[in-house]
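The values are calculated or read from the model by the stated rules, or taken from the named source; none is laboratory data. Everything numeric here is computed off the predicted structure, so don't read it as measured data. Cβ coordinates were reconstructed from backbone atoms using ideal geometry, including for glycine residues, and neighbour counts include every protein chain displayed.
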Amino acid sequence: MSDWGESILQSLSRHLQSGYPERRRLALRGLLVLSQDPVMVDGVRSLTEKLLELLWDTDGELVRMALSVFLNGVQARGIPISTPTALELVEVLQTLFGYDNIHVQLLSIALFRKVLKLVVEEGKQPLQTHVIQSLLPLFFLSHDENEHLADASWEVLIRALRFLKRRDLKNMLEADKPWWFCDCLVESEKKRVVEFMWQAMPYLESPQEPLQELALRFIGIAAKYLRKGQEEDELIIEVIIDTLQGMTADSPTISNPERND
């Protein structure tokens with residue numbers, strides 16, 4: 001690696017932007033190997049922008065490997081993450097929380113946790129908005145039927161609340177009072193109520209019944225904070241009604257409403 005590592009890195013870097021998916025996969029497999037070698041960590045970190053672009057790719061295997069390369073890099077030496085990189089990472093990582101691949105979800109959550117830990121001090125304030133936006137998706141995922149995903153989401157949710165210095169919300173979760181948590185979250189972030197409801201919407205159609213119930217109950221809590229006469233607020237209500245009407249009549253969440261009291 002001392003003699004040829006730099007040349008190998010340059011070659012792999014060129015193929016990361018290839019128009020052929022298989023070449024990009026091969027390049028990432030090579031970077032996965034290099035990212036585990038302490039001699040090459042700095043070189044791999046120099047490809048951050050190219051790797052960030054790959055996180056938006058529609059190829060799940062590419063995304064999984066790119067996330068693994070990032071994790072290898074931050075775990076190797078615990079080097080602080082700059083503000084611009086942290087902001088770009090958390091933006092894409094939030095979209096990956098709901099990815100249709102358990103490995104991508106777990107890796108994105110693990111990397112999100114590392115960003116919260118390693119972002120430089122001056123980057124913590126700019127990151128707060130993105131961290132607030134992550135709270136509800138992490139809350140839902142902490143109730144997923146997959147125990148590994150649920151546990152990882154719970155741990156990162158607690159860390160995110162510490163990052164935001166929201167001891168009130170953290171205490172409610174740890175006291176097993178999820179509905180107090182939901183109500184307090186929306187109450188303290190009223191300007192985000194529509195955003196929160198949009199985040200909850202996909203879970204109404206989740207194949208997991210508990211997540212459907214969770215989403216329905218959260219939307220009920222959030223709805224009381226909507227403002228009459230506001231176009232955006234009324235639009236979300238229309239969409240929710242259409243979604244509920246489209247759900248099958250024999251859905252346990254719909255047919256057994258007393259469970260949602």
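For the stretch 34-78, a residue qualifies if it is more than 22 Å from the chain's Cα centre (by Cα) and exposed (fewer than 14 other Cβ atoms within 10 Å of the Cβ), and the qualifying residues are PRO38, VAL39, ASP42, SER46, ARG77. Scanning the stretch 105-122 for residues that are surrounded by 20 or more Cβ atoms within 10 Å (Cβ to Cβ), over 10 Å from the mean Cα position of the chain (by Cα) and farther than 17 Å from GLY73 by Cβ yields a total of 0.
Within the stretch 140-157, residues that are at pLDDT 95 or above have Cβ atoms under 8 Å from residues that are of a type in the set (Lys, Arg) in these pairs: GLU155/ARG113; VAL156/ARG113, counting only partners at least 6 apart in sequence or on another chain. Pairs linking a residue in the stretch 232-258 that is loosely packed, with under 10 Cβ neighbours inside 10 Å to a residue that is modelled with pLDDT under 55, with Cβ atoms under 9 Å and 6 or more positions apart or on different chains, are THR248/ILE254; THR248/SER255; ALA249/SER255.
Exactly one residue out of LEU164, LEU211 is closer than 18 Å to TYR99 by Cβ and either of a type in the set (A, V, I, L, M, F, W, C) or without any contact (Cβ under 8 Å) to a residue 60 or more places away in the chain (or both), and it is LEU211.
Remark: pairs (first residue in the stretch 184-204, over 28 Å from GLY246 (Cα atoms); second residue surrounded by fewer than 18 Cβ atoms within 10 Å (Cβ to Cβ) and at pLDDT 95 or above; Cβ separation under 9 Å; 6+ apart in sequence or on different chains) = CYS184/ASP168; SER188/ASP168.
Meeting the requirement of 1 or more residues that are out of contact with any Leu (no Cβ under 7 Å at 6 or more places or on another chain) and either modelled with pLDDT of 90 or more or small (Gly, Ala, Ser) (or both), the helices (runs of 4 or more DSSP H) wholly within the stretch 34-129 are 48-54, 60-77, 83-96, 102-118.
Step by step: first the residues of the stretch 213-261, then only those that are of a type in the set (Asp, Glu) and farther than 19 Å from GLN199 by Cβ, then the one that is modelled with the highest pLDDT. Which residue is that? Step by step, filter the stretch 213-261, then rank; the result is GLU231.
Here the condition is being surrounded by 20 or more Cβ atoms within 10 Å (Cβ to Cβ), among the aliphatic types (A, V, I, L, M) and farther than 16 Å from LEU138 by Cα; of ALA215, ALA175, ALA222, it holds for ALA222 alone.
Right, SER68: of a type in the set (Gly, Ala, Ser), within 30 Å of HIS143 (Cα to Cα) and touching a helix residue (DSSP H, G or I) at 6+ places or on another chain (Cβ under 7 Å) or not? Criteria met by SER68. Taking every residue in the stretch 96-112 that is under 14 Å from LEU62 (Cβ atoms) and pairing it with any residue that is not in a helix (DSSP H, G or I), at least 6 positions away or on another chain, the pairs with Cβ-Cβ distances below 8 Å are LEU96/LEU55; SER108/PHE97; SER108/TYR99. Would you mind stating whether ARG24 is buried (at least 19 other Cβ atoms within 10 Å of the Cβ) and either basic (Lys, Arg) or not in a helix (DSSP H, G or I) (or both)? Yes, satisfied.
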